[in-house]
1. What does the C-alpha gyration tensor say about the overall shape of region 219-285? Classify as rounded when a/c is under 1.5, otherwise prolate if a/b is larger than b/c, or oblate.
2. Run the numbers for residue 20 and residue 219: contour at 0.36 nm per residue of separation, minus the present Cα-Cα distance, in nm.
3. Most exposed first by the Cβ proxy, i.e. fewest other Cβ within 10 Å, how do 110, 4, 82 rank?
4. Between residue 198 and residue 67, what is the label-to-label distance in nm when each label sits 7 Å out along the Cα-to-Cβ direction?
5. Size of the dipole of the chain about the Cα centre, Lys and Arg at +1 and Asp and Glu at -1 on the beta carbon, nothing else charged, in debye to 20?
6. Which stretch or stretches of region 188-210 have amide N atoms under 18 Å from the point lying 7 Å from residue 37's Cα along the Cα→Cβ direction?
7. Rank 81, 217, 266 by how far each Cα sits towards the positive end of the charge dipole of the chain (+1 on Lys, Arg Cβ; -1 on Asp, Glu Cβ) and give me just the farthest.
8. Expressed as a rounded percentage, what relative contact order does the chain have, with Cα pairs under 8 Å and six or more residues apart?
Amino acid sequence: MAYLGNPAYTMAVLEKHGFHFQKKYGQNFLIDTHILEKIIDAAEITKDDFVLEIGPGIGTMTQYLCEAAREVVAVEIDTNLLPVLDDTLKEYDNVTVLNEDILKVDIASLAGEKNSGKPIKVVANLPYYITTPIIMGLFESHVPLASITIMVQKEVADRMQVGPGTKDYGALSLAVQYFAKPEVVCVVPPTCFVPQPKVASSVIRLTCHEKPPVEITDEGFLFRVIRASFNQRRKTLANGLNNAPTIPVAKEDIIATIEELGYPASVRGETLSLEEFARLSEALKKKVH
Ligand code: SAM
């Protein structure tokens, strides 16, 4: 059987089905077998695994996943791709294609049904227009997860893995690192896709923590504190928190808390580590009015 990662075969399949790319769905299909192999290797899929693929496109990566995994569910929003997927995946009996918007799928129920509630692996070449909602949706809805191996914009992968004091550090870095250990697998140039995206991409593997690295009594409040702290990047931490309606703490209590924790009143959010945000969040929680 011909694998789709081969550019000539991919073009032939697109032509056969008269497929037209839809920009609004972030459709950039992979045409590089080396990158596909790297993604599958990094995801460490075995015949015991249930894998969720987000956005199979014409089924390029899905074919590799079907070969490696016990079972695959691929969620694709574009109805025009269904006849293509029927064709390209016809040799596999361990795959189900769901024609849905991933943001509306109850993934926790899917994991319950297909994997007895055990942690699942997610693999995707993500549509870039909704990268953050997809990742945060997976984490915040507490889907049982083993790992997420994804292609994202290079710049987004960089933001996920940096620490305090760097220009890319922000709410996404902290959220991802609270839930997982990020490792960039490789950088992927635009020439590996059809059509070519305008930016470079990276494959990043997020190995999900069994237990978060910091102890916290109210996860929702921690994330509200983090978001408020980075909402206005050029402002001080105290101003960011004070301007956020989601943090109902008086300005003088915010400043007192910051100083009690040993920071100057002018400290900026981008210098604090996850551990420090956890302490700040616990202390502020006690001052909510
Ligand atoms: N996996 C394929 C590949 O690597 O060649 C296609 C990747 S392409 C970057 C992203 C895919 O996600 C497209 O097939 C697109 O139609 C699909 N998609 C976009 N938004 C989606 C959504 N909200 N839910 C499910 N799939 C979506």
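Bear in mind that the values in this text are calculations on the coordinates, not laboratory data. What you see is a predicted model, and the numbers here were worked out from it, not measured in a lab. Cβ atoms come from the backbone with ideal geometry, glycine included; neighbour counts cover every protein chain shown.
1. rounded
2. 67.4 nm
3. Result, fewest neighbours first: 82, 110, 4.
4. 3.5 nm
5. The calculation lands at about 1000 debye.
6. 188-189, 192-193, 203
7. So the residue we want is 266.
8. 14 percent
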